[in-house]
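Remarks on the structure that follows.
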Amino acid sequence: MIRPARTADIGVIHQLIRDLAAYERGLHEVTAAEDDLRAALLAPQPSLFAHVAEEDGQVVGFALWFLSYSTWAGRHGIYLEDLYVMPQWRGHGHGKALLAQLARICVERGYGRLEWSVLDWNSPARGFYESLGAVAMDEWTVHRLTGPALQELAGVTPR
């Protein structure tokens, strides 16, 4: 069963985020706390959304997403920040069901795209996404500013 996340799910979503980060070899970079998730997901006008996959009343996976916008298409889309299913529940259709729910939201709301990033070494995930018809955007390179570089560009003295 796929459903929107509830307040009671925040703790397990936070743990699954940590599990995903460990899998992606980046657990040391996770600084988000449950309160950060709670504030973003439960804001009066949230800018972050989540759906969970349940099996026998237990959350076994999640999708965390937000709206994007294409200036070329002139339409919103969904950017999938995280998709994760517990290893013991993979192969049961939960990942596909989570993506299908986001695709339905796109279609129902007239959004033009559903997109996400995947690590280049994550062959199982890449194969799964391609089996659904997703196309790698290899000609695009992601750039990111964080920490001191972000502060410096903002004109703030790095701490």
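Scanning region 103-156 for residues that are polar (S, T, N, Q), surrounded by 10 or more Cβ atoms within 10 Å (Cβ to Cβ) and free of Cβ contacts under 8 Å to residues at least 12 places away in the same chain returns 123, 151.
Filtered by the rule that a residue be surrounded by 12 or more Cβ atoms within 10 Å (Cβ to Cβ) and of a type outside the set (Val, Ile, Thr), region 69-87 gives 69, 70, 75, 76, 77, 79, 80, 81, 82, 83, 84, 86. For region 93-118, the tally of residues that are among the acidic types (Asp, Glu) and closer than 20 Å to residue 131 by Cβ stands at 1.
Looking only at region 23-77, which residues are free of Cβ contacts under 8 Å to residues at least 24 places away in the same chain, in a strand (DSSP E or B) and within 23 Å of residue 87 (Cα to Cα)? The one that is free of Cβ contacts under 8 Å to residues at least 24 places away in the same chain, in a strand (DSSP E or B) and within 23 Å of residue 87 (Cα to Cα): 58.
Taking the options 3, 90, 18, name whichever one is of a type in the set (Lys, Arg), surrounded by 12 or more Cβ atoms within 10 Å (Cβ to Cβ) and under 21 Å from residue 133 (Cα atoms). Reasoning before the result, please.
Values: 3 fails: under 21 Å from residue 133 (Cα atoms); 18 fails: under 21 Å from residue 133 (Cα atoms).
Being of a type in the set (Lys, Arg), surrounded by 12 or more Cβ atoms within 10 Å (Cβ to Cβ) and under 21 Å from residue 133 (Cα atoms) holds for just one of 3, 90, 18, which is 90.
So, residue 135, is that one in a loop (DSSP other than H, G, I, E, B), in contact with a helix residue (DSSP H, G or I) (Cβ under 6 Å, 6 or more places away or on another chain) and not acidic (Asp, Glu) or not? Against the criterion (in a loop (DSSP other than H, G, I, E, B), in contact with a helix residue (DSSP H, G or I) (Cβ under 6 Å, 6 or more places away or on another chain) and not acidic (Asp, Glu)), residue 135 does not qualify.
Values in this text are rule-based calculations from the coordinates and carry no lab data. The structure displayed is predicted, hence computed values, not measured ones. When we count neighbours, we look across all protein chains shown, and the Cβ atoms used for this are built from the backbone with ideal geometry, even at glycine.
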